[in-house]
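Working notes, beginning with the structure itself.
Read the figures in this text as sums done on the coordinates, not as results from a lab. The shown structure was predicted, so the numbers you read here are calculated from the model rather than taken from an experiment. All Cβ positions, glycine included, derive from the backbone under ideal geometry; neighbour counts span all protein chains shown.
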Amino acid sequence: MLTPSTTPHPPDLSPRQVHISVRELTMAYDDFMVQKDMDFDVLRGEIFIIMGASGCGKSTLLRHLIGLKPPVTGEVFFDGQNLWKLPPKERQSMLLKMGILYQSGALWSSMTLAENIALPLTAHTPLSAKEIADLVSLKLALVGLSGFESFYPAEISGGMQKRAALARALALDPEILLFDEPSAGLDPISARRLDRLIVHLSESLGITAVIVTHDLASLLDIGTNSVFLDTETKTIIAKGPPDMLLRTSTHPTVKEFLTRGQSKRTATSAREASR
Ligand SMILES: Nc1ncnc2c1ncn2[C@@H]1O[C@H](COP(=O)(O)OP(=O)(O)O)[C@@H](O)[C@H]1O
Ligand SMILES: [Mg+2]
């Protein structure tokens, strides 16, 4: 007969390490509260999606993760270290482990791709010009832009600009890459190519990716986990792999977002067809 075990569970020999933890985070601009009571973990190597309607606070959450905005209350941990309780110098070196890709890409238009990518290396490493040039070429190769060193951003396509910005975000070998709407303004083919690149970086380099995106095809395809920020209740109303949420969430707001209203339209056309 089976009896309840009183011995503790054996340790999991291959636990996936928690990389980022957010605990009871409340975010606000002065008196305007954006989101409250946010709790979630991002595991190492995950492709973690932040979803929600426009204005719900996704970019604001990224600002808290990259040390640009301190929490009103709550904590942000990286590898168990409390970001906002660290002395400024240690916080700075922790933040250097993150690469950020902003919505606009934000390459310097008056600089070549090589000069753009060299910037963080010149600022934060003691490497020689030759070593930096070699690293720049390596990073460009990583994003499929070998040979484009001397091009200016205006001379390449939008998709290539995004990948060049990604090469710059990779310059200092980050452990975490954060993206704010990476496929905004890209055609579907360039957007899918960027997706594959993110998956490749996550699998080959073990990088943890945190992505704010509206792009359904993308988040359902590459997201391994997610949170959904709700504008109404001002907190997280769903967590889990996006494809699982699509299949199982019964929350109308989440369903509406993940089907882009298609479930509603299908219901309407079914009603119309039955008339
Ligand atoms: N610098 C700011 N000062 C005051 N309010 C802001 C600021 N930035 C964003 N907000 C407000 O905070 C809310 C969340 O903004 P944001 O994080 O940019 O949303 P999302 O990225 O989800 O579209 C919005 O209502 C926005 O108007
Ligand atoms: Mg935003």
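The table below lists the values:
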read-out	value
FRET efficiency, residue 41 to residue 260 (Cβ-Cβ, R0 22 Å, nearest 0.05)	0.20
Antiparallel DSSP beta bridges within the chain, percent to nearest 5	50
Compactness relative to 2.2 N^0.38 Å, alpha carbon Rg of the chain	1.13
Two-site FRET efficiency, residue 131 against residue 33, from Cβ-Cβ distance with R₀ of 45 Å, rounded to 0.05	0.40
The chain: most fluctuating residue of 243, 195, 30 per GNM, C-alpha cutoff 10 Å	30
Gain upon complete extension [residue 84, residue 123; 0.36 nm per residue less C-alpha separation]	11.7 nm
Calculated [θ] (222 nm, deg cm²/dmol) that DSSP helices of n ≥ 4 give over the chain, each run adding -39,500 (n - 2.57)	-11500 deg cm²/dmol
Ranking of 31, 39 by count of other Cβ atoms within 10 Å, fewest first	31, 39
Helix 113-124 vs. the chain, principal-axis angle (Cα, 0 to 90°, nearest 10)	90
Interchain or long-range residues, amide H under 5 Å from residue 151's placed H	113, 114
Crossing angle, helix 188-205 versus the chain [Cα axis fit, 0-90 degrees, rounded to tens]	80
Part-to-part distance (alpha-carbon centres) for region 14-70 and region 228-251, which is given in Å	14
Per-selection Kirkwood Rh - region 91-179 (Cα, Å, 1 d.p.)	12.9
Long-range tail of P(r) for region 217-261 (Cα pairs > 14 Å, %)	42
Descending semi-axes in Å of region 183-252, equivalent ellipsoid built from Cα gyration tensor	24, 14, 11
With 5 Å bins from 0: P(r) over region 134-181, alpha-carbon pairs, percent	5, 21, 34, 22, 13, 4, 0
Charge context of residue 68, other residues only, Cβ under 13 angstrom, K/R +1, D/E -1	+2
Ranked list, fewest to most other Cβ atoms within 10 Å of each Cβ, for 97, 58, 255, 85	85, 97, 255, 58
Which of 177, 86 has the fewest Cβ neighbours within 10 Å, and the rest in rising order	86, 177
Charge sum, other residues only, whose C-beta stays under 15 Å from residue 182's C-beta, Lys/Arg counted +1 and Asp/Glu -1	+1
